[in-house]
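The values are calculated or read from the model by the stated rules, or taken from the named source; none is laboratory data. Fair warning: this is a prediction, and the values are worked out from it, not measured in the lab. Ideal geometry is used to build each Cβ from the backbone, glycine not excepted, and the neighbour counts take in all protein chains shown.
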Amino acid sequence: MAFVVDLFRKLMKGNFHQFTVKLSAQKQCMKKLDNQLAKTVWGTEDCSSFYRNARGTHTTFHPGNGVDYWKQTRSANLEHFDLS
């Protein structure tokens with residue numbers, strides 16, 4: 001929730017009305033998550049779960065602990081968005 005609140009505060013302060021996540025930011029995030037997951041049981045090809053989509057990509061799983069997740073989602077970086 002902190003991420004969304006921070007993002008909207010920054011958007012309002014900058015007088016922005018629309019935003020989309022940059023493809024480069026999305027790819028960078030997914031690459032980092034894939035690299036982290038590769039070191040866990042979730043990254044093995046033998047592991048199947050509802051977190052894995054048809055392409056074999058994990059879409060809703062965070063490989064770190066709660067503190068890591070909090071640190072990564074406590075503030076929004078506007079450089080990761082296209083703004084207008």
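Looking only at residues that are loosely packed, with under 12 Cβ neighbours inside 10 Å and not in a loop (DSSP other than H, G, I, E, B) in region 34-52, which one is modelled with the lowest pLDDT?
Looking at the filtered set, the residue picked out is Val41.
So, Arg9, is that one over 13 Å from the mean Cα position of the chain (by Cα), loosely packed, with under 10 Cβ neighbours inside 10 Å and not β-branched (Val, Ile, Thr) or not?
In short, no.
Do the conditions hold for Ser84, that is, is it out of contact with any strand residue (DSSP E or B) (no Cβ under 9 Å at 6 or more places or on another chain) and either of a type outside the set (A, V, I, L, M) or surrounded by fewer than 12 Cβ atoms within 10 Å (Cβ to Cβ) (or both)?
It is false that Ser84 is out of contact with any strand residue (DSSP E or B) (no Cβ under 9 Å at 6 or more places or on another chain) and either of a type outside the set (A, V, I, L, M) or surrounded by fewer than 12 Cβ atoms within 10 Å (Cβ to Cβ) (or both).
Scan region 30-55 and report the pairs whose first residue is farther than 18 Å from Thr73 by Cβ and whose second residue is of a type in the set (Val, Ile, Thr) and modelled with pLDDT of 80 or more, with Cβ atoms within less than 8 Å and a gap of 6+ or a chain change.
Note: pairs meeting the criteria are Cys47/Val41.
For region 16-27, indicate whether the set of residues that are farther than 21 Å from Ala2 by Cα, among the basic types (Lys, Arg) and either surrounded by 12 or more Cβ atoms within 10 Å (Cβ to Cβ) or under 12 Å from the mean Cα position of the chain (by Cα) (or both) is non-empty.
yes
In region 53-75, what residues are surrounded by 10 or more Cβ atoms within 10 Å (Cβ to Cβ) and at pLDDT below 80?
Within region 53-75, Thr57, His58, Thr59, Phe61, His62 qualify.
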